[in-house]
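Enquirer: For reference, the structure I am asking about is given below.
The values are calculated or read from the model by the stated rules, or taken from the named source; none is laboratory data. For clarity, every value in this text was computed on a predicted model and none was experimentally measured. Every residue, glycine among them, receives a Cβ derived from its backbone with ideal geometry; neighbour counts consider all protein chains shown. Remember, those area values only see protein heavy atoms, side chains included, never the ligands or the DNA or RNA. Shrake-Rupley method; radii C 1.70, N 1.55, O 1.52, S 1.80 Å.
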Amino acid sequence: MTSIRAALPTLTARLPAPLRRHAGSLLVGVLLLAWTLGVAWPAWLSLQQAPQRLTQAQAQAQRTAALAQALAERKAAADAGTTSPATLEAVRALTQERLGAGAQLRADEAGGWRVELAGVPAQALAHWLVALRERLALQVAELDLQRDGDLWRGQARLAPAGGAR
């Protein structure tokens, strides 16, 4: 601050006489203009836009909450659907239809099913996997297969298509 005061007489000496008398006021005016344009004006604009931005943020939060609730309901429905007797019969019928006697179905402790495969052709296995996904909204959570000549053996664990457990 003292260096500015020391330099002020040198700077003002170069100014014309009318400006020399008002150099301090001119400096204050320039600083006030810079503060207004750099700080006050952007803050004022932000305050004017705040209600609109708050409304947008609240609407987005409501949409997100609705999507989360719909996802939770869908997952709960999928989880409940896998344990129902009708779904069990549908899986059993599809497995027997596509894989025949080469597959044995049993309930899994996690709420899904395990399918033991023995002597299943590759094409039948592929059709069975597609049908599980498309017809019953199930997916294979685990698959352990070994080739036995032209046939396959092993086991698969089925779970809801919404997410493996």
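Enquirer: With a 1.4 Å probe and all protein chains left in place, how much of the accessible area of the range 85-160 comes from carbon and sulfur atoms, in whole percent?
Expert: Using a 1.4 Å probe with all protein chains present, the range 85-160 comes out at 51 percent carbon and sulfur.
Enquirer: Can you grab the distance from the C-alpha centre of the range 38-71 to the C-alpha centre of the range 120-165, Å, no decimals?
Expert: If you average the Cα positions of each part, the centres end up 47 Å apart.
Enquirer: Per residue, how big is the convex hull around the C-alpha atoms of the range 85-160? Give it to me in cubic angstrom, could you?
Expert: On the way: hull volume 5.6 nm³, N = 76.
Given the Cα convex hull of the range 85-160, per-residue volume reads 73 Å³.
Enquirer: Ala70 versus Gln155, label points 7 Å from Cα toward the beta carbon: distance in nm?
Expert: Here the modelled spin labels are 3.9 nm apart.
Enquirer: May I ask you to compute the full-extension gain from Arg21 to Gln52, defined as 0.36 nm times their residue separation minus their alpha-carbon distance, rounded to one decimal in nm?
Expert: Length gained, Arg21 through Gln52: 6.4 nm.
Enquirer: I would also like to ask the following. Summing Lys, Arg as +1 and Asp, Glu as -1, what charge do residues with Cβ under 15 Å from the Cβ of Gln104 carry, Gln104 excluded?
Expert: Values: positive: Arg92, Arg98, Arg106, Arg114, Arg153, Arg157; negative: Glu97, Asp108, Glu116, Asp144.
So the surrounding residues net to +2.
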